[in-house]
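Colleague: Can you keep this structure in mind? I'll have questions shortly.
The values are calculated or read from the model by the stated rules, or taken from the named source; none is laboratory data. The model shown is predicted, which means the values in this text are computed figures rather than measured ones. All Cβ positions, glycine included, derive from the backbone under ideal geometry; neighbour counts span all protein chains shown.
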């Protein structure tokens, strides 16, 4: 369940990270809370109903029901995020953006609430199957402690990032923002994983030292013969009734082999030695360190791929076709389109690529019995017992381990032909080398992509889609129609620009920027049939009276010039130069044009693409 829950928690963390804090939530606070409570109640009712089924009273049925409810928890959490705008309401915890990690941790806590409901519903079944009574509070706490190590590294890294950002040391902040910053954080995180994580997890899981006695002395002597330093602990996983063992910790003194009581009671000493040899194999082959780097590898891969993937998908016309036909906000679609490919990539990475290495590392650890014990019979015997006593799971496949039957078959193959041991070692080494090579090539290829072109294209298209949807939502607001007019004018769609500006002006007759932009279009349109210098002069005069800024005065001077009032045009252009001294060279150029060329001559000589850009152009921005 640990590996499976890892995928669920990773998915929840990712979904929360890609969700955007909406400027205006879809639901009011009160309605969002009511909706969330309704979702919560429905999920609780489903959890109770599923655990009341007869199929959920066996160990296999119990775990199957947990898995189904975990998927439902993820769906309920997603609905809470994207419909109830949970991140918007939780963002108050960031203290003005100074502690974003607290918001993310609160989001993870929200997901954990659904798991807690699942465990609440599962308690009676658990007591019946595993034979230990629990209070509701005790059972919830036990499950939280069991799953906390899955997310603890992420929580620590998030808090560490926020803490460092808050330190009042400019020199440190500069180093963190440099190319070495990520490497420094990675080093600090690695120190936590190596030094603090193993003893912390051991305590969270309630592990206790293997009592001093014949078993302890025998296994300790066995480990010393292998020159392997470790501490032996009892692992009360599912009340110690699960037949399993594990190892954690990279360095001696902070390395523990965990063994469930049921495994010690079931296996002979020879079989337990074989299991210990398997755990020693994990350490000798550096699997624990490789797990860490493979998990970190996804973060590196995602960091390089998110921007180009998002830019590529958002620069496709299909995305904007969906926006034009949908009532869903562009922000929501942007989150989906930007995040969904990365989410799929993450699930594929951990389910298949990480799962591939997990399975082959397990097999490589199995093969350690040959150099340590001289053969695999004891491990095969242990596997047969585990398979039979765990519900006849010999032929049951697993995404993170080979099935027990497959592991036994490979050990038997190696007994007959020891060359298969080296073949698997070469396979693992070649797989790791291929992984590193593909990561390097992938990074190099991504750097060759025209990301800036994708980004520039999608930003323009996205802005256009946002404006057009706002026009649909708020057709009585002039600002959106004015922005449509600006957009159409920029694309040389003058007739559409004229229509949009005219509608905007009808809604706000005294808006100086709308009057200015419409006047500019009447003066500079590439379509001579749309030009109207006299009307442009009327509009420009009114705009200049209300807002005598440089660009507005420039439009007015153009209108005077277009109507043959050269002296007035020069005078107004000089006034524009005084008002806007930063652009004085431009205004002086305009004066020179007014004195040496007529409006008619200029319009005849101008290329179509120069019609609007020849002057200061329409007002940009929100009109504030």
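Colleague: All but one of (1) modelled with pLDDT of 80 or more; (2) in contact with a helix residue (DSSP H, G or I) (Cβ under 6 Å, 6 or more places away or on another chain) hold for residue 461; which doesn't?
Modeller: Of (1) modelled with pLDDT of 80 or more; (2) in contact with a helix residue (DSSP H, G or I) (Cβ under 6 Å, 6 or more places away or on another chain), only one is false for residue 461: (1).
Colleague: Of the residues 367, 358, 430, which is at pLDDT 95 or above and either in contact with a strand residue (DSSP E or B) (Cβ under 6 Å, 6 or more places away or on another chain) or crowded, with 18+ Cβ neighbours inside 10 Å (or both)?
Modeller: Testing whether each residue is at pLDDT 95 or above and either in contact with a strand residue (DSSP E or B) (Cβ under 6 Å, 6 or more places away or on another chain) or crowded, with 18+ Cβ neighbours inside 10 Å (or both) leaves just 367.
Colleague: Then there's this: Of everything in the stretch 371-396, what is more than 39 Å from the chain's Cα centre (by Cα), surrounded by fewer than 17 Cβ atoms within 10 Å (Cβ to Cβ), outside any helix (DSSP H, G or I) and touching a residue at least 24 places away in the same chain (Cβ under 8 Å)? Give them in sequence order.
Modeller: Within the stretch 371-396, 375 is the sole residue that qualifies.
Colleague: Taking the stretch 521-532 as the search range and keeping residues that are part of a helix (DSSP H, G or I) and surrounded by fewer than 18 Cβ atoms within 10 Å (Cβ to Cβ), which one is nearest to the chain's Cα centre (by Cα)?
Modeller: At the first step, the residues of the stretch 521-532 found to be part of a helix (DSSP H, G or I) are 521-524, 528-530.
Now drop any that are not surrounded by fewer than 18 Cβ atoms within 10 Å (Cβ to Cβ), which leaves 528-530.
Numbers: 528: 52, 529: 52, 530: 49 Å.
Among those that are part of a helix (DSSP H, G or I) and surrounded by fewer than 18 Cβ atoms within 10 Å (Cβ to Cβ), it is 530.
Colleague: Within the stretch 128-149, how many residues turn out to be crowded, with 17+ Cβ neighbours inside 10 Å and closer than 27 Å to residue 94 by Cβ?
Modeller: Qualifying residue count, the stretch 128-149: 2.
Colleague: Can you name the residue in the stretch 583-612 that is surrounded by 12 or more Cβ atoms within 10 Å (Cβ to Cβ) and assigned to a loop (DSSP other than H, G, I, E, B) and is also modelled with the lowest pLDDT among such residues?
Modeller: In this case the residue turns out to be 612.
Colleague: What number of residues within the stretch 46-101 satisfy the criterion of being exposed (fewer than 15 other Cβ atoms within 10 Å of the Cβ), outside any helix (DSSP H, G or I) and within 19 Å of the chain's Cα centre (by Cα)?
Modeller: 1
Yes/no per residue for (1) more than 51 Å from the chain's Cα centre (by Cα); (2) touching a residue at least 12 places away in the same chain (Cβ under 8 Å); (3) in a helix (DSSP H, G or I):
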| position | (1), (2), (3) |
| --- | --- |
| 502 | no, yes, yes |
| 516 | no, yes, yes |
| 519 | no, yes, yes |
| 554 | no, yes, yes |
| 567 | yes, no, yes |
| 572 | yes, yes, yes |
| 575 | yes, yes, yes |
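Colleague: Among the residues of the stretch 27-42, is any touching a helix residue (DSSP H, G or I) at 6+ places or on another chain (Cβ under 8 Å), outside any helix (DSSP H, G or I) and at negative phi?
Modeller: yes
Colleague: Between 492, 396, which is at positive phi and at pLDDT 80 or above? Before the answer, list the steps.
Modeller: Values: 396 fails: at positive phi.
Within the list 492, 396, the selection yields 492.
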